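Notes follow the structure.
The values are calculated or read from the model by the stated rules, or taken from the named source; none is laboratory data. Because the structure is a prediction, the values reported are computed rather than measured. As a convention, Cβ positions derive from the backbone with ideal geometry for all residues, glycine included, and neighbour counts pool all protein chains shown.
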């Protein structure tokens, strides 16, 4: 993963100190005073601790607003007044850009077309127009503007002390839906030595990010009043994800992914201030990418609509969204736990993260032996372990979770090939009680074992806070296999992937099986009442383990007449060598 060049952590923290010398006196800003507050400084310094610029000052600003008591119902705060001000209206007419060409806040110099407007401002205006059009085309609400400049949205350029930018609500009602007009503040020149990209690249991804915060305030963001931390994670994850939607290839969010993938044991919704690393919320952009690729590119917008329409926090909005999709948060998180395995050297862009090969590898803890591991996890977290292959004579392995108390648990187990690809991964998407297990057969095909446990939506019903639960993960020989059975069991039908399967959003679901001799294999998908929906024959399939994706064979979720089947439970019936195997799997529409 590429790394940015920065001027050192000490310099960055000095910048975040927001020095108030005479050079800064040409702007009057109550906001900059708020960002000097103890609450804001705690956030800014925590986010700068990894040596990269602070991606967004919105969390620090909201912390300061909450601490000051001015988060709701207060008067509009003072905007910015330059000693030598200039304005420029974007060609699309939706933005008024406020800037200066003198003093410390002077924007990057250069006017190649000699029209009297700095090229930097014209580039910013073009980016604002483009990003606005892109959001509107995707069905997002339009940000609210104040009455000062009519319908134009105000954008200011300042010499910011070590962060990319922010959006500030102008006034926030003291009762729902908490919608507000706002304005945007951007860095005046984005020095590459600090921000790591050419100035216009840093400018563009920041426009995409901060404009999403402006849109969020049009839905209503109760997070601007205490307890705002429960909103921060999704507000920043969604805004960061949109950087990649509009400016794919700049990839500034890569620098914040270690704060997520190095900490799978931290809750998805950790705010990064009271719990977890401070930049976890920016790395959570890959959760939004998972939503996009699994449920459609409008998934995060639909969640924001629930936040705005129902007045609920993001995690509750997720629960309602997944219910509408015919699934549950715990099941989606179980799928995502498998996606996280496919990062770095195990990336599979066709099925998981499109840019997963450029991501850091999720943290996997080495284990010398395949035995009991004790783990404690909060809600929506995971723990990954790897070990050498157990005794090959086993022929297969099983992983069982033994919870210390009732809770939602899920399991995954997979075999790693010499090329570091992961095959045969199985995820149990149901709440796991004592004795629940997953299995991986035909063990001789793999050189290492990977196993993981993940927690579901373990939430205190009274407080809504995350609850940490403990369990033992027990590894053992599969109860369905012994060395003798492997040698002459006919064939084994293993779980399909993906399961649950979402026709129309996923191209196909594929099937896995293991043969001990060359056979013709007949595959059929049937409804629970036995009606045949799809069939395919694999002729003269040799002995060994097979995944039909490698054979170009899968089921796309359609009936023989061409229409998609409805949601429900379906049967895969496989016949080979005079034997029949049947498994159940789920379809969600």
Which one of 356, 344 is buried (at least 16 other Cβ atoms within 10 Å of the Cβ) and within 22 Å of residue 299 (Cα to Cα)? 356
Return a yes/no flag: does region 293-308 have any residue that is at pLDDT below 95 and closer than 23 Å to residue 407 by Cα. no
Name the single residue, out of those in region 566-577 being over 12 Å from residue 521 (Cβ atoms) and touching a residue at least 24 places away in the same chain (Cβ under 8 Å), that is nearest to the chain's Cα centre (by Cα). 567
Do any residues in region 397-413 that are free of Cβ contacts under 8 Å to residues at least 60 places away in the same chain have Cβ atoms under 9 Å from those of residues that are outside any strand (DSSP E or B), where the two are at least six apart or on different chains, and which pairs are they? 406/431; 406/433
Qualifying position, being closer than 23 Å to residue 306 by Cβ, surrounded by fewer than 24 Cβ atoms within 10 Å (Cβ to Cβ) and out of contact with any helix residue (DSSP H, G or I) (no Cβ under 7 Å at 6 or more places or on another chain), among 214, 137: 137
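Yes or no, residue by residue, for (1) over 22 Å from residue 142 (Cα atoms); (2) over 17 Å from the mean Cα position of the chain (by Cα):
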{"site": "214", "(1), (2)": "no, yes"}
{"site": "242", "(1), (2)": "no, no"}
{"site": "248", "(1), (2)": "yes, no"}
{"site": "257", "(1), (2)": "yes, no"}
{"site": "264", "(1), (2)": "yes, no"}
{"site": "287", "(1), (2)": "yes, no"}
{"site": "296", "(1), (2)": "no, no"}
Considering each residue of region 506-532, count those that are in a loop (DSSP other than H, G, I, E, B), within 26 Å of residue 561 (Cβ to Cβ) and out of contact with any helix residue (DSSP H, G or I) (no Cβ under 8 Å at 6 or more places or on another chain), and give that number. 5
Looking at (1) more than 30 Å from residue 197 (Cβ to Cβ); (2) modelled with pLDDT of 85 or more, which is the only condition residue 30 fails? (2)
Residues of region 280-316 satisfying the condition of being part of a loop (DSSP other than H, G, I, E, B) and farther than 19 Å from residue 216 by Cβ: 296
Of all residues being in contact with a strand residue (DSSP E or B) (Cβ under 9 Å, 6 or more places away or on another chain), crowded, with 21+ Cβ neighbours inside 10 Å and modelled with pLDDT of 95 or more in region 101-130, which is nearest to residue 187 (Cα to Cα)? Just the residue, please. 107
Take residue 502 and tell me if it is under 20 Å from residue 335 (Cα atoms) and outside the structural domain of residue 417 (by TED's automatic domain parsing). yes
List the strands (runs of 3 or more DSSP E) inside region 371-459, counting only whole elements, that have at least 1 residues being modelled with pLDDT under 85 and not assigned by TED's automatic domain parsing to the domain that holds residue 314. 382-388, 396-403, 409-416, 422-427, 437-441, 448-455
For region 533-565 the number of residues that are loosely packed, with under 12 Cβ neighbours inside 10 Å, part of a loop (DSSP other than H, G, I, E, B) and in contact (Cβ under 8 Å) with a residue 12 or more places away in the chain is 2
Tally the residues that are surrounded by 17 or more Cβ atoms within 10 Å (Cβ to Cβ) and either at pLDDT 90 or above or farther than 22 Å from residue 331 by Cβ (or both), restricting the search to region 576-586. 1
Does any residue of region 346-365 turn out to be out of contact with any helix residue (DSSP H, G or I) (no Cβ under 7 Å at 6 or more places or on another chain) and under 30 Å from residue 406 (Cα atoms)? yes
Does residue 522 count as in contact with a strand residue (DSSP E or B) (Cβ under 6 Å, 6 or more places away or on another chain), at pLDDT 85 or above and surrounded by fewer than 20 Cβ atoms within 10 Å (Cβ to Cβ)? yes
